[in-house]
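In what follows, a single structure is set out as structure tokens and then discussed.
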Amino acid sequence: MTSLLDGPIAVRGSGARAAELGELRRKVLAGPSEAATQAQHAKGKLTARERIGLLLDEGSFQEVEQLRRHRATGFGLEAKKPYTDGVITGWGTVEGRTVFVYAHDFRIFGGALGEAHATKIHKIMDMAIAAGAPLVSLNDGAGARIQEGVTALAGYGGIFQRNTRASGVIPQISVMLGPCAGGAAYSPALTDFVFMVRETSQMFITGPDVVRAVTGEEITQNGLGGADVHAEVSGVAHFAYDDERACLEEVRFLLSMLPQNNRETPPQELSEDPADRRCEALLDLVPADGNRPYDIRKVIEELADDGQFMEIHERWATNVICALTRMDGQVVGIVANQPQSLAGVLDIHASEKAARFVQLCDAFNIPLVTLLDVPGFLPGVDQEHGGIIRHGAKLLYAYCNATVPRISLILRKAYGGAYIVMDSRSVGADLAFAWPTNEIAVMGAEGAANVIFRRDIAAADDPEAKRVEMVQHYKDELMHPYYAAERGLVDDVIDPAATREVLIRSLRMLSTKHADLPARKHGNPPQ
């Protein structure tokens, strides 16, 4: 009698099973139906697998739990048990480095989250944390699967918990490629970066129908929570793009600037841009007159390798610029006042934007360079009542708490509390430099003279002439370019054209910096 384990019969049995498996995989990879795929494409959207193919290096994706199916019953679910349960999970590589990913498949249950769906996401998040590699979520789901009731909601709780546990440990990137409503929107809000695509992606807690019913306001889905709204008004989205391909290409670029986890440094690249390249254009880019605006992006272009940088939150809180770039091949975070917008003042939104960016850079070992040209905090009843003290303190806390290499450079104005908050030496900057055009002071000369010399001005035969005289006197005494250097508040006054070389030399020296914070469970930052 021949056993099934004997050669010829066992081989044929294994081959049949392998063929059966291959056919099953082909069906799973094809998706629920051609009609469902066409419907997805008709909306201007790619399928989940097409998106993963664009995100990851070709042929690198390894799927996890491809054959998972839900166990729910009732409301017709027992008759519809598709493989993957509407979410594709796994890992692959981006430029050769491991990246974990999950992608909602809108063709299956509208990408809605059920128990099995959530369990798959939980597993891949746990794997990413354990492996110490970035996690990218490709979001295109209709929220909780209402047929499964509260178990679906509990699934979101598990995602939120893992988002929080992974925060500051591995980079987390949320890519919004469809709807994201209700509690589901809190997961992207907990991650480091949010990408959105115009017209096809929306995020909101309560949709237009609920808003209409409760408040009577009429608004579209895009008007309530579209990409431009979150990129310009709410600040929820860091990036907004016109199509998915451009969006996913930028996600790949961002990943190339980030470390795998908080125990590593960002990847270094060889740069053909000379470290000692002089930036003669800087002599003309920044006007000596402190009241004249200019675009600080032009300054960053001069300093960056090959003029390239990636701006974060480009269209929100535009009076401060946050960007990732490379200098001599090393990734650097740039925080800079933007004189072209609100004269570069700090306000509530700018403080929040810069504070979060500083915290991100500190969490992932990215050195910080701060470019100052700030006249102060924005005055006004709205700002005071909106909590500018509390929000400004967020930026102060972020800088004071940061242990990465920190260099500040004062281009022109640096007045009052805003000067202190923008990483001055007194709050722990490792090195502080200034251009010969710097004006570091408690306030502008005109305001200071009006306070200090008000009696002399009032008693003068020509008060206006006296005021001009006293303004110049104040400038000569307390606001000349070398006043701060004489008192050790800046380490050197440098030639603007030599800025790139000075910064790169300083960053090289600080590359071995080690600093420990006091032992504590965690701080209690201002909220």
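Limited to the stretch 115-129, what total is found for residues that are without any contact (Cβ under 8 Å) to a residue 40 or more places away in the chain and open to solvent by less than 50 Å² (accessible area, probe 1.4 Å)?
Summing the residues that are without any contact (Cβ under 8 Å) to a residue 40 or more places away in the chain and open to solvent by less than 50 Å² (accessible area, probe 1.4 Å) in the stretch 115-129 gives 1.
Assess whether residue 100 counts as being aromatic (Phe, Trp, Tyr) and in contact with a strand residue (DSSP E or B) (Cβ under 6 Å, 6 or more places away or on another chain).
Working: aromatic (Phe, Trp, Tyr): yes; in contact with a strand residue (DSSP E or B) (Cβ under 6 Å, 6 or more places away or on another chain): yes.
The answer is yes for residue 100.
What's the number of the condition residue 297 fails, among (1) modelled with pLDDT of 95 or more; (2) of a type outside the set (Asp, Glu); (3) part of a loop (DSSP other than H, G, I, E, B); (4) closer than 23 Å to residue 500 by Cα?
All conditions are met except number (3).
Tell me, yes or no, whether the stretch 333-340 has at least one residue that is open to solvent by less than 10 Å² (accessible area, probe 1.4 Å), at pLDDT 95 or above and at positive phi.
no
Pick from the stretch 44-71 the residues that are at pLDDT below 95 and either touching a Pro at 6+ places or on another chain (Cβ under 9 Å) or among the aromatic types (Phe, Trp, Tyr) (or both): which of them is surrounded by the most Cβ atoms within 10 Å (Cβ to Cβ)?
Among those residues, the one meeting the criterion is 70.
Based on what the data block shows, is residue 248 among the hydrophobic types (A, V, I, L, M, F, W, C), more than 30 Å from residue 189 (Cα to Cα), open to solvent by less than 20 Å² (accessible area, probe 1.4 Å) and at pLDDT 95 or above?
Details: among the hydrophobic types (A, V, I, L, M, F, W, C): yes; more than 30 Å from residue 189 (Cα to Cα): no; open to solvent by less than 20 Å² (accessible area, probe 1.4 Å): yes; at pLDDT 95 or above: yes.
No, not satisfied.
For the stretch 113-162, what are the residues that are within 22 Å of residue 56 (Cα to Cα), in contact with a Gly (Cβ under 6 Å, 6 or more places away or on another chain) and among the charged types (D, E, K, R)?
Across the stretch 113-162, the qualifying residue is only 140.
Return yes or no: is residue 486 closer than 19 Å to residue 334 by Cα and acidic (Asp, Glu)?
So residue 486 does not fit the description; no.
When the residues of the stretch 278-293 are filtered to those that are under 17 Å from residue 496 (Cα atoms) and out of contact with any helix residue (DSSP H, G or I) (no Cβ under 6 Å at 6 or more places or on another chain), which remaining residue is most open to solvent (accessible area, probe 1.4 Å)? Reasoning before the result, please.
Kept after step one, since they are under 17 Å from residue 496 (Cα atoms), are these residues of the stretch 278-293: 278-290.
Within this subset, residues satisfying the condition of being out of contact with any helix residue (DSSP H, G or I) (no Cβ under 6 Å at 6 or more places or on another chain) are 284, 286-290.
Details: 284: 132, 286: 13, 287: 16, 288: 76, 289: 76, 290: 20 Å².
Per the stated criteria, the residue is 284.
With (1) modelled with pLDDT of 85 or more; (2) farther than 28 Å from residue 163 by Cα as the list, and residue 6 as the residue in question, which single condition is left unmet?
(1)
Would you pick out the residues in the stretch 96-114 that are open to solvent by less than 20 Å² (accessible area, probe 1.4 Å) and touching a residue at least 60 places away in the same chain (Cβ under 8 Å)? Reasoning before the result, please.
Filtering the stretch 96-114 down to residues open to solvent by less than 20 Å² (accessible area, probe 1.4 Å) leaves 99-103, 105, 108, 110-114.
Selection gives 99, 105, 108, 111, 113.
The values are calculated or read from the model by the stated rules, or taken from the named source; none is laboratory data. Since we're looking at a predicted model, the values are computed, not measured. Cβ sites come from the backbone with ideal geometry, for glycine too, and all protein chains shown count toward neighbours. What goes into the accessible areas is simple: the full protein's heavy atoms, side chains included, and nothing from ligands, DNA or RNA. Shrake-Rupley method; radii C 1.70, N 1.55, O 1.52, S 1.80 Å.
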